[in-house]
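A.B. asks: Below is one structure. I have some questions about it.
The values are calculated or read from the model by the stated rules, or taken from the named source; none is laboratory data. Quick caveat: nothing in here was measured; it's all calculated off a predicted structure. Here the Cβ positions follow ideal geometry from the backbone for every residue, glycine too, while neighbour counts run over all protein chains shown.
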Amino acid sequence: MKTVLDSIKPYTNGLRKVGLPPIGILLVILLALAPLALQSELWTRLLVDALMSASLAMAFDFTAGYINITNFGYAAFWGLGAYTSTILVLRIGMTPWLGMLAGAIAAGILGFGVGILTLRLSGIFASCMTWFVALVMMGVCANWTSLTSGNSGLIAPYLLNTDSNLPYFYIILIFTLIIYLGLVLLTKSHVGMAFKAIGQDSQAAAASGINITYYKVLNMTISCAIAGLIGGFYAHFVGILTPDLMSTSHTVESIAISTIGGRGSIWGAFVTALILIPSLEFMNSLMELRMIIYGALLILVMLFYPTGLAGACGSVYGYVKHKLTTSQRPMAG
């Protein structure tokens, strides 16, 4: 007789293909209900911060984990999206919703340009190029005072006319889930296979007929556009921008979250951000040591478990599955 589990198996298999196994769906539901259960503005704001960091880390991992380019200037694209959206809203009266879209486009265009610049570079040289771009962008924001107000800060209109963080939480939750599903679908397609081939050995990938130029630039453009979108949301959620938004410390956070989560996993960065960001926020006495903590965690992960949280979960799942399979085998004799 066909059981209930057998009936829903085709649907669960389909959800697994887009990166949403049953346990993942359960966690998303719990996450969506968490602010309603906690009834705390502080916790809701921390969850918003965590989801923004998760989106940035997933998009960062999309480049670092697949085409093997560590974008040390990633915060610049986040900042560009924030400044673009805010300036367009203030100067021409564009709505913040369209401003966020414009921020994503602006960051994507810059990502396209950086992708072109890094085509002849690899490894640390490509990473340094992205860092130099970030330094230039930070300098422009600090010195073009007539446009950005420099270090005094630029006041951004809020996205919603409310003092509650709850609506912002559900908006960023939707954004994060769309980003996650989109990246997972891309990485599981033939495009993702090309990215992986480039990341493992670009010369071998080129010899097999993969258009290195096209796929590298495509990856950088998508990753940076996502950063710009989240930057636009950040601007209209926090309400004030300074050039420090583009500092390397913000990039280090994305590097730490994606590495601890497991390079090339996408979902590992999602889960790690939800754990790490609220935890660090509650350790107020350690806030000044935040970068040291990130550095220490990175060293520990790279030395003892390079595959990160995703690799650890995969090992545990494989071990449990093996034990269950072994226990179900009939005993000999």
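A.B. asks: Does residue 179 qualify as being surrounded by fewer than 13 Cβ atoms within 10 Å (Cβ to Cβ) and not aromatic (Phe, Trp, Tyr)?
C.D. replies: Details: surrounded by fewer than 13 Cβ atoms within 10 Å (Cβ to Cβ): no; not aromatic (Phe, Trp, Tyr): yes.
Judged against the criteria, residue 179 is not a match.
Results for (1) in contact (Cβ under 8 Å) with a residue 60 or more places away in the chain; (2) closer than 23 Å to residue 29 by Cα, shown as yes or no for each residue.
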position	(1), (2)
176	yes, yes
210	no, no
238	yes, no
241	yes, no
252	no, no
255	yes, no
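A.B. asks: Could I ask something else about it? Here is a check on your reading of the model: is residue 226 assigned to a helix (DSSP H, G or I) and farther than 20 Å from residue 115 by Cα? Spell out how you get there, then give the answer.
C.D. replies: On the way: assigned to a helix (DSSP H, G or I): yes; farther than 20 Å from residue 115 by Cα: no.
So residue 226 does not fit the description; no.
A.B. asks: Looking only at helices (runs of 4 or more DSSP H) that lie completely in the range 57-155, which have at least 1 residues being small (Gly, Ala, Ser) and under 26 Å from residue 191 (Cα atoms)?
C.D. replies: Numbers: elements: 74-92, 96-117, 124-143, 145-148.
Result: 74-92, 96-117, 124-143.
A.B. asks: For the range 290-314, enumerate the residues that are among the aliphatic types (A, V, I, L, M), modelled with pLDDT under 80 and over 18 Å from residue 278 (Cα atoms).
C.D. replies: Correct list: 312 only.
A.B. asks: Scan the range 22-56 residue by residue and report those that are part of a helix (DSSP H, G or I) and either among the aromatic types (Phe, Trp, Tyr) or on the phi > 0 side of the Ramachandran plot (or both). It would help to see each step written out before you state the result.
C.D. replies: Initially, the range 22-56 is screened for residues part of a helix (DSSP H, G or I), giving 22-38, 41-56.
Scanning the range 22-56 gives a single hit, 43.
A.B. asks: Ok, one more. For the range 65-96, what are the residues that are touching a residue at least 24 places away in the same chain (Cβ under 8 Å), out of contact with any helix residue (DSSP H, G or I) (no Cβ under 6 Å at 6 or more places or on another chain) and surrounded by fewer than 24 Cβ atoms within 10 Å (Cβ to Cβ)?
C.D. replies: Passing the criteria: 87, 90.
A.B. asks: Restricting attention to the range 227-259, report how many residues are small (Gly, Ala, Ser), surrounded by fewer than 20 Cβ atoms within 10 Å (Cβ to Cβ) and touching a Phe, Trp or Tyr at 6+ places or on another chain (Cβ under 8 Å).
C.D. replies: Step one: of the range 227-259, the residues small (Gly, Ala, Ser) are 227-228, 231-232, 235, 239, 247, 249, 254, 256, 258.
If we keep only those that are surrounded by fewer than 20 Cβ atoms within 10 Å (Cβ to Cβ) as well, we get 239, 247, 249.
In the following step, the residues that additionally are touching a Phe, Trp or Tyr at 6+ places or on another chain (Cβ under 8 Å) were identified as 239.
Of the residues in that region, 1 qualify.
Table: residues versus (1) among the polar types (S, T, N, Q); (2) in a loop (DSSP other than H, G, I, E, B); (3) under 18 Å from the mean Cα position of the chain (by Cα); (4) under 22 Å from residue 44 (Cα atoms).
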residue: 258; (1), (2), (3), (4): yes, no, yes, no
residue: 265; (1), (2), (3), (4): yes, yes, yes, no
residue: 273; (1), (2), (3), (4): no, no, yes, yes
residue: 289; (1), (2), (3), (4): no, no, no, no
residue: 306; (1), (2), (3), (4): no, yes, no, no
residue: 310; (1), (2), (3), (4): no, no, yes, no
residue: 313; (1), (2), (3), (4): no, no, no, no
